[in-house]
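Computed from the coordinates by the stated procedures, all read-outs in this text should not be read as laboratory data. Worth saying up front: this structure is predicted, and the values here are computed from it rather than measured. All Cβ positions, even for glycine, are placed from backbone atoms using ideal geometry, and neighbour counts span all protein chains on display.
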Amino acid sequence: MEEIRQSDLPGVGRCYEYATAAGQRVGVVVRSSGRRDLVVYAEDDPDAVVESVDMSLDEAQTLAAALTDQPLGTARASLAAVIDGVAVDWRSVPEGFGSRTIGDLQIRSRTGASVVAVVRDGEVDPAPAPDRVIDSRDTVVVLGTPDAIADVFALFETG
C-alpha cells in the first residue's frame, strides 16, 4: 500500500495525496464544508493541478465504493479542519443563475456567511464590494460556518 501524505489547509480543510506506482501524484482535498476535490498533479510541477473534480460527500462515497468494489456504507464523515467554527469553501456559479450583485442577494444577512473573493477568467477580486455582479462565469469563495456556506451555495442554485 502506498504512503498517503496528509497536510492541513488552514481554513480550507485537509489534503491527502500520494504517488501511484507509475509515479503519478493524485490527491483529495476535503473541504471544511464537506465537499471534496479529487486532483491530479502535473508530473513536472508538484504544486500544479492539471485536473480537478469537485464532488459532494455522497459523490465521493459512491466513488470510494466503486474503487474498492464495496457496497456503499451508511456512515458519513464528519467535517474536518473547521477552525474555531469558521471554514472557507468555493464553488463555480451554476449556468442558469443569471447576474446579480452580492448586495441584491443579501448573502451575509440571509446566511451569515461572507463572499470573500470572486474569481473570473483567472482574475481574483478579493473582498468584493456589495455592488459586485456575480454570474455563471464566476467562482465564489465564501467564509462562514459549514452550514452557512452550504446556504450560500443553495442561493446560487435557487437564484
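Taking 7 Å steps out from each Cα toward its Cβ at Ala154 and Val86 produces label points 2.4 nm apart. Size descriptors for segment 5-68 (Cα atoms only): Rg and Dmax, in that order, 11.9, 32 Å.
Stokes-Einstein diffusion for the chain at 4 °C, viscosity 1.567 mPa s, with a Kirkwood radius from C-alpha pairs, works out to 76 µm²/s.
Got a sec? Charge dipole of the chain, +1 on Cβ for Lys and Arg, -1 for Asp and Glu; which of Val140, Gly103, Tyr18 is way out at the positive end? About the Cα centre, the residue reaching furthest to the positive side is Gly103.
Principal axis analysis of the Cα atoms in segment 87-158 yields extents of 28, 23, 19 Å, listed in decreasing size.
Computed extension gain for Ala129 through Ser56, at 0.36 nm per residue and net of the alpha carbon distance, reaches 23.4 nm.
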